Amino acid sequence: MKKKRVLFVCVNNSARSQMAEAFFNHLASEDYEAMSAGLEPGELNPLAVEVMKEVGIDISQNKTKSVFELYRRGELFAYVIAVCDAQAAEKCPNFPGLLTQTIFWNIEDPASFIGTYEEKLNKMRQIRDLLKTKVESFLQSLRA
């Protein structure tokens, strides 16, 4: 049986989409798989790596990917989940496929965090926990 694929998209593919992909692949059954990509791929956010290690998931070797490259290659996804604000999500290409559903989760951009290292780390933990909750809810809806 072919796996149903989910794509998590954010601006740089450096934190939010990487964490969502990792949680999804960690929690989903073998019937599903997730990828992540960015509108403007950047560098993996070290705070995201650190907070994911705290929950036992290592994303330190992940590479950032371009959503447009996946689109050009004709990749197919059952779900495209934008984990960025609506304005950024509007730039995402419409992936082919009659059954592709696009979902928007407006999650704060870690690139906008200000404060001390510890304050930024705490905000990243909040983003991580929110993403885990959203992924768990999404997985429950798939099983229903």
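The values are calculated or read from the model by the stated rules, or taken from the named source; none is laboratory data. Keep in mind the model is a prediction, meaning the values are calculated, not measured. Counting neighbours? That spans all protein chains shown, and the Cβs are built from the backbone with ideal geometry, glycine included.
Assess whether GLU136 counts as being outside any loop (DSSP other than H, G, I, E, B), in contact with a Lys or Arg (Cβ under 8 Å, 6 or more places away or on another chain) and surrounded by fewer than 17 Cβ atoms within 10 Å (Cβ to Cβ). The answer is no for GLU136. On inspection, LYS53 does not qualify as of a type in the set (D, E, K, R), without any contact (Cβ under 8 Å) to a residue 40 or more places away in the chain and in contact with a Gly (Cβ under 8 Å, 6 or more places away or on another chain).
Out of the range 30-50, which residues are touching a residue at least 60 places away in the same chain (Cβ under 8 Å) and either surrounded by fewer than 19 Cβ atoms within 10 Å (Cβ to Cβ) or of a type in the set (Ser, Thr, Tyr) (or both)? Working first, answer last.
Looking only at the range 30-50, we keep the residues that are touching a residue at least 60 places away in the same chain (Cβ under 8 Å), and these are 32, 45, 47-48, 50.
Scanning the range 30-50 gives TYR32, GLU50.
Cβ-Cβ distances below 9 Å connect the following pairs, each with a first residue in the range 102-127 that is small (Gly, Ala, Ser), a second residue that is outside any helix (DSSP H, G or I), and a separation of six or more residues or different chains: ALA111/VAL11; ALA111/ASN12; ALA111/SER14; ALA111/ALA15; ALA111/GLY42; ALA111/ASN45. Here ASN25 passes the criteria (1) more than 19 Å from LEU142 (Cα to Cα); (2) at pLDDT 95 or above; (3) not hydroxyl-bearing (Ser, Thr, Tyr) except the one numbered (1).
Scan the range 14-70 for residues that are outside any helix (DSSP H, G or I) and among the β-branched types (Val, Ile, Thr) and the total you get is 4.
Yes or no: the range 84-94 includes at least one residue that is under 12 Å from the mean Cα position of the chain (by Cα), surrounded by 17 or more Cβ atoms within 10 Å (Cβ to Cβ) and either farther than 15 Å from VAL9 by Cβ or modelled with pLDDT of 90 or more (or both).
Step one: of the range 84-94, the residues under 12 Å from the mean Cα position of the chain (by Cα) are 84.
Filter once more, so that each one left must be surrounded by 17 or more Cβ atoms within 10 Å (Cβ to Cβ): 84.
Retained after the next criterion (residues that are either farther than 15 Å from VAL9 by Cβ or modelled with pLDDT of 90 or more (or both)): none.
No, the conditions are met nowhere in the range 84-94.
GLY74 fulfils the conditions (1) modelled with pLDDT of 90 or more; (2) more than 18 Å from ASP109 (Cβ to Cβ) except for a single criterion, (1).
Scanning the range 109-130 for residues that are within 19 Å of GLU43 (Cβ to Cβ) and either assigned to a helix (DSSP H, G or I) or acidic (Asp, Glu) (or both) yields ASP109, PRO110, ALA111, SER112, TYR117, LYS120, LEU121, LYS123, MET124, ILE127, ARG128.
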